[in-house]
Amino acid sequence: MYNYIFGPVASRRFGLSLGIDLSPDQKACNFDCLYCELKSAKTVDYIENPPKVEDVVAEVQKALVEYPDVDVITITANGEPTLYPDLDALVDALNRLKGEKKLLILSNASRIADTELQKTLCKIDIVKLSLDCATPACFKKIDRPLKSIDIEQIIGGLETFRKVCDKTLVLEILVVAGINDKQEEMEALREALDRIEPDRVDLGTIDRPPAYPVQGVSTERLAELSRYLGNHNISIMHKEKPQHRVDFTPEEIVATIARRPQSSSDVAYLFSDKARANLDALIKEGKIKMENIAGVTFYTLAQKD
Ligand code: SF4
């Protein structure tokens, strides 16, 4: 029985994950996102009764003995983990015990402009941060943050963090029907992504009951929206089975990948057997290469470097 540990949980994008919950008593978040899987709650900028670092670490040690095959130790919370007051000490302790496993944090990015927090996050192997909108109106509507939190400050903080830290930076965009599923919102996000240059962008939508009565969009719509996000490593969440797979020719594959690197999940979703054979041939010819970014394989043009 654990108080601060959940899992292990198999994640398509990170492997087998052991989660750490830094706010076990109640939701503690400075956002109140429409799509949150937790019940809506008053926004706060602190965690009440945070667990002690040594108690969390003791449970992680015990869990790693019980589940030795986990790939990542994920720092998260019943809310926002960067509100945890002893995050820096916890990260140091987890780094001492994790061995070959990766340390991952899932955060809403609200505090990323804080240079002390940037130093702490830069001790973590994979930093996954949310960025649902890049315009103030959309950000306020979807993430419902504390009044003092400003989206331009977050984007500036992400840009600085990327420059000062060479750890893997993954951004997550969660699409909500009628709010950020619009060309102009994606184009604003593209400008932000061009500034930040993350290693990977996870593009997803609602797949669990949300805190408020909002809806997600189809996989097809996610794929359409991804076209406005530019030439970044975008990992689309494919929640439905494909309607039809396409017989891409080698030229079409090169042109598609030149527009945007394709993930292994894109290929599984969209490529017919014939197209896969063409892709394999392009890899053998050295025209396309495979890159693993925090557990997701991307196909990219070999001459891009
Ligand atoms: S940031 Fe995460 S925990 Fe906080 S309200 Fe949004 S989805 Fe929920």
- Could you tell me which residue of segment 9-18 is nearest to residue 128 (Cα to Cα), considering only residues that are at pLDDT 85 or above and crowded, with 19+ Cβ neighbours inside 10 Å? 17
- Task: Could you pull out the residue among 149, 173, 126 that is in contact with a Gly (Cβ under 9 Å, 6 or more places away or on another chain) and in contact (Cβ under 8 Å) with a residue 60 or more places away in the chain?
- Result: 126
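Condition check ((1) among the aliphatic types (A, V, I, L, M); (2) surrounded by fewer than 22 Cβ atoms within 10 Å (Cβ to Cβ); (3) closer than 19 Å to residue 173 by Cβ; (4) in contact with a helix residue (DSSP H, G or I) (Cβ under 8 Å, 6 or more places away or on another chain)) across all residues:
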residue: 75; (1), (2), (3), (4): yes, no, no, yes
residue: 92; (1), (2), (3), (4): no, yes, no, no
residue: 97; (1), (2), (3), (4): yes, yes, no, yes
residue: 104; (1), (2), (3), (4): yes, no, yes, no
residue: 108; (1), (2), (3), (4): no, no, yes, yes
residue: 112; (1), (2), (3), (4): yes, no, yes, yes
residue: 123; (1), (2), (3), (4): no, yes, no, yes
residue: 128; (1), (2), (3), (4): no, no, yes, no
residue: 135; (1), (2), (3), (4): no, yes, yes, yes
- Message: Condition first: in a helix (DSSP H, G or I) and either closer than 26 Å to residue 206 by Cα or within 16 Å of the ligand (Cβ to nearest atom) (or both). Can you find one or more residues in segment 99-116 that meet it?
- Response: no
- Task: Any chance you could count how many residues in segment 73-84 are assigned to a loop (DSSP other than H, G, I, E, B) and either acidic (Asp, Glu) or touching a Phe, Trp or Tyr at 6+ places or on another chain (Cβ under 8 Å) (or both)?
- Result: 2
- Message: Checking residue 275 against (1) assigned to a helix (DSSP H, G or I); (2) surrounded by fewer than 19 Cβ atoms within 10 Å (Cβ to Cβ); (3) over 28 Å from the mean Cα position of the chain (by Cα), only one condition comes out false. Which one?
- Response: (2)
- Of all residues making up segment 121-141, the number that are assigned to a helix (DSSP H, G or I) and charged (D, E, K, R): 2
- Item | Candidate set from segment 280-299 (those that are closer than 21 Å to residue 13 by Cβ and free of Cβ contacts under 8 Å to residues at least 60 places away in the same chain); member that is surrounded by the most Cβ atoms within 10 Å (Cβ to Cβ) | 299
- Task: Say whether the condition of being hydroxyl-bearing (Ser, Thr, Tyr) and either in contact with a strand residue (DSSP E or B) (Cβ under 7 Å, 6 or more places away or on another chain) or part of a loop (DSSP other than H, G, I, E, B) (or both) is met by at least one residue in segment 151-166.
- Result: no
- How many residues does segment 22-62 hold that are touching a Pro at 6+ places or on another chain (Cβ under 6 Å), within 10 Å of the ligand (Cβ to nearest atom) and among the hydrophobic types (A, V, I, L, M, F, W, C)? 1
- Item | One residue from 59, 66, 37 being in contact (Cβ under 8 Å) with a residue 40 or more places away in the chain, acidic (Asp, Glu) and farther than 29 Å from residue 234 by Cα | 59
- Query: Is it fair to say residue 82 is crowded, with 18+ Cβ neighbours inside 10 Å, modelled with pLDDT of 95 or more, hydroxyl-bearing (Ser, Thr, Tyr) and within 18 Å of residue 120 (Cβ to Cβ)?
  - Reply: yes
- Failed item in (1) of a type in the set (A, V, I, L, M, F, W, C); (2) surrounded by fewer than 19 Cβ atoms within 10 Å (Cβ to Cβ); (3) assigned to a helix (DSSP H, G or I), with residue 63 passing the rest: (2)
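The values are calculated or read from the model by the stated rules, or taken from the named source; none is laboratory data. Every value quoted in this text rests on a predicted model; they were computed, and no experiment measured them. Cβ coordinates were reconstructed from backbone atoms using ideal geometry, including for glycine residues, and neighbour counts include every protein chain displayed.
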